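Q: Encoded as structure tokens, here's the structure I'll be asking about.
The values are calculated or read from the model by the stated rules, or taken from the named source; none is laboratory data. Since the structure is predicted, the reported quantities are computational estimates derived from the model, not experimental observations. Positions of Cβ are backbone-derived with ideal geometry, glycine not excepted, and every protein chain shown enters the neighbour counts.
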Amino acid sequence: MSKLHLITYGCQMNEYDSERVAGLLRRERYELTDRPEDADLILLNACSIREKAEDKVYSQLGALKHLKRQRPDLIIGVMGCMAQLQKGRIQERAPYVDLVFGSPAIARVAELVERVRHGRAPVLETGESPLIKITARPEGGDRLKAFVTVMEGCEKYCTFCVVPTTRGRERSHAPAAIVEEIRALAEAGCREVTLLGQTVNAYGRDLTPPTDLAALLEQVNDIDGVERIRFTTSNPYNLTRRLIRAIRDVPKVCEYLHLPLQSGSDRVLERMNRGYTRARYLELIAELKETVPDLALSTDLIVGFPGETEDDFAQTMEMVERVGYDNVFAFRYSRRPGTPAAEMADQVPDEVKADRNHRLLEITGRVAAARSQRLEGTTMEVLVDGVSRKSAAEATGRTRCNRVVNFDAAGRDLRGRVVAMRIARVLPHSLRGEIVSDRAPVDVVAAREA
Ligand code: SAM
């Protein structure tokens, strides 16, 4: 067997792609190793969404240079979004990189590695390729949770974002292929799936006949063994009443929605080309809360987008309080080459971005803490997923609203079980639970009704 060392940066989709690559290369007799110094092939699956992510990759490549010097046979490759965006520039900056290939070429990884091996010349593959559902996975797939990409690409053209360039146009996988993949995962012990797409709620529009995410959720709900379904990322522009109702009505779909707002100011939203206004977003939030009262909400926000004034930023802060997010991912705007926003004249200075980011984190932390408090004393379903990170004597799991719950399992192995848990204490980053019954969800429903 040859050895493969995989380094993954970025979003869940990159994690998913890395798994596919490990699975495809396993067929070519590559086994995974944690140690780069033992590897015959090192692949960096690199993110390009913000400049900082790219800087990390170049410094990682710098750290690998000495290995290549010691062992010229070692193959080093960069794959994914950054490869697609930077193309030949990667090999210009790091000439010891043998292979660069973008997301569309992932299905052909084995062939590309062979080309490097036999040709001993650098390979660059960043063109378009047909959509292929790759179901190969690395060995040791006894995981409880898995990501499943249901569509590739993005056609939103937000002015700050490189994704339409790195991942191409929107293309959905056929429902049958997705169901087959999830069925195999469930048979291998998986209990929770997260359906992935850059705009996952645009799923199915491009298929013949067209379908939608709500219909797909129903099909996944019917798969035996799957206990929970999540999906991300949804764009407010494509959020339909049908999908909101599916969150309420499809039993295994968790009451959790990640709905990026990006900015609370209409002026900024327009310059971002987001396709909705603050009022429209609030309308959706009202409908969501009315339809699914237990819903947990999270969002992405960008601070320091070109032209963002103190007043625009105040409107973003105000939206955080008004919506009452359970979790916020705040990003400082990063100028990405080739995007319209990078060319806008009124770039915001770094120190202003840092200050706004700091103020935003203060407020989002306070709002999230207040939201957490409501959980104290309630009984919730928890999918037990292993041992707590802080103490081996403790077990850990997640609620349907995606909160970490640590608890004393009294030595029992409950991994993979959905148990009913009383939330005894709310801590800053987790919950403390006590098992009420290890036969949820029946007991949870009873507890809610009591
Ligand atoms: N497709 C999703 C959407 O637009 O709603 C999000 C995909 S992106 C991988 C995740 C987040 O990164 C975005 O929601 C945005 O907040 C952030 N992001 C994207 N481009 C950025 C940039 N140039 N600077 C800072 N943050 C950025």
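Q: Scan the stretch 333-343 for residues that are assigned to a loop (DSSP other than H, G, I, E, B) and among the small types (Gly, Ala, Ser) and report the count.
A: Adding up the residues that qualify gives 2.
Q: Is one or more of the residues making up the stretch 84-100 closer than 30 Å to Arg191 by Cβ, surrounded by 13 or more Cβ atoms within 10 Å (Cβ to Cβ) and touching a Gly at 6+ places or on another chain (Cβ under 9 Å)?
A: Looking for residues that are closer than 30 Å to Arg191 by Cβ, surrounded by 13 or more Cβ atoms within 10 Å (Cβ to Cβ) and touching a Gly at 6+ places or on another chain (Cβ under 9 Å), one finds none in the stretch 84-100, hence no.
Q: Only residues that are at pLDDT 90 or above and surrounded by fewer than 17 Cβ atoms within 10 Å (Cβ to Cβ): list them for the stretch 423-449, please.
A: Listed by number, the residues that qualify are Ala424, Arg425, Leu427, Glu434.
Q: I'd like the full set of residues that are closer than 26 Å to Gln12 by Cβ and either of a type outside the set (D, E, K, R) or touching a helix residue (DSSP H, G or I) at 6+ places or on another chain (Cβ under 6 Å) (or both), limited to the stretch 68-89.
A: Ile76, Gly77, Val78, Met79, Gly80, Cys81, Met82, Ala83, Gln84, Leu85, Gln86
Q: Which residue pairs have Cβ atoms under 7 Å apart, sit 6 or more places apart or on different chains, and have a first residue in the stretch 168-191 that is over 20 Å from Glu139 (Cα atoms) and a second that is of a type in the set (Lys, Arg)?
A: Going by the 7 Å Cβ cut-off, the qualifying pairs are His173/Lys133; Ala177/Lys133.
Q: Tally time: how many residues in the stretch 170-198 are within 16 Å of the ligand (Cβ to nearest atom) and assigned to a strand (DSSP E or B)?
A: Qualifying residue count for the region: 5.
Q: Any chance the stretch 38-53 includes a residue that's β-branched (Val, Ile, Thr), within 16 Å of the ligand (Cβ to nearest atom) and at pLDDT below 95?
A: yes
Q: Could you tell me how many of the residues in the stretch 295-348 are more than 9 Å from the ligand (Cβ to nearest atom) and at pLDDT 95 or above?
A: Looking only at that region, the number is 34.
Q: Right, here's the next one. Report, by residue number, each residue of the stretch 25-37 that is surrounded by fewer than 21 Cβ atoms within 10 Å (Cβ to Cβ) and in contact (Cβ under 8 Å) with a residue 40 or more places away in the chain.
A: The answer is Arg26, Arg27, Glu28, Glu31, Leu32.
Q: Using beta carbons and a limit of 9 Å, which pairs, at least six apart or on different chains, have the first residue in the stretch 272-284 and touching a residue at least 60 places away in the same chain (Cβ under 8 Å) and the second one β-branched (Val, Ile, Thr) and in a helix (DSSP H, G or I)?
A: Going by the 9 Å Cβ cut-off, the qualifying pairs are Arg274/Val268.
Q: In the stretch 9-28, which residues are within 16 Å of the ligand (Cβ to nearest atom) and out of contact with any Phe, Trp or Tyr (no Cβ under 8 Å at 6 or more places or on another chain)?
A: Tyr9, Gly10, Cys11, Asn14, Asp17, Ser18
Q: Does Ala107 count as of a type in the set (Gly, Ala, Ser), under 22 Å from the mean Cα position of the chain (by Cα) and surrounded by 13 or more Cβ atoms within 10 Å (Cβ to Cβ)?
A: So Ala107 fits the description; yes.
Q: Shifting gears a bit: Arg356 - would you say it is free of Cβ contacts under 8 Å to residues at least 24 places away in the same chain and either in contact with a Cys (Cβ under 9 Å, 6 or more places away or on another chain) or under 27 Å from Glu283 (Cβ atoms) (or both)?
A: So Arg356 does not fit the description; no.
Q: On to the next question. Which residues, taken from the stretch 38-50, are assigned to a loop (DSSP other than H, G, I, E, B) and without any contact (Cβ under 8 Å) to a residue 60 or more places away in the chain?
A: Result: Ala39, Asp40, Ala46, Cys47.
Q: Looking at the stretch 127-169, which of its residues are away from the ligand (no atom under 16 Å from the Cβ) and not in a loop (DSSP other than H, G, I, E, B)?
A: Across the stretch 127-169, the qualifying residues are Lys145, Ala146, Val148.
Q: Kindly indicate the residue of the stretch 3-35 that is in a strand (DSSP E or B) and of a type in the set (D, E, K, R) and also farthest from Leu61 (Cα to Cα) among those meeting that condition.
A: Glu31
Q: Then there is this: Just one of (1) crowded, with 21+ Cβ neighbours inside 10 Å; (2) at positive phi trips up Gly225, so point out which.
A: Checking Gly225 against (1) crowded, with 21+ Cβ neighbours inside 10 Å; (2) at positive phi, the one that fails is (1).
Q: Quick one: how many residues across the stretch 61-83 are crowded, with 18+ Cβ neighbours inside 10 Å and assigned to a loop (DSSP other than H, G, I, E, B)?
A: Going through the stretch 61-83 one residue at a time, the tally reaches 2.
Q: From the list Glu290, Glu283, Glu270, which one is more than 22 Å from Thr364 (Cα to Cα), more than 16 Å from the ligand (Cβ to nearest atom), charged (D, E, K, R) and over 24 Å from the mean Cα position of the chain (by Cα)?
A: Exactly one of Glu290, Glu283, Glu270 is more than 22 Å from Thr364 (Cα to Cα), more than 16 Å from the ligand (Cβ to nearest atom), charged (D, E, K, R) and over 24 Å from the mean Cα position of the chain (by Cα), namely Glu290.
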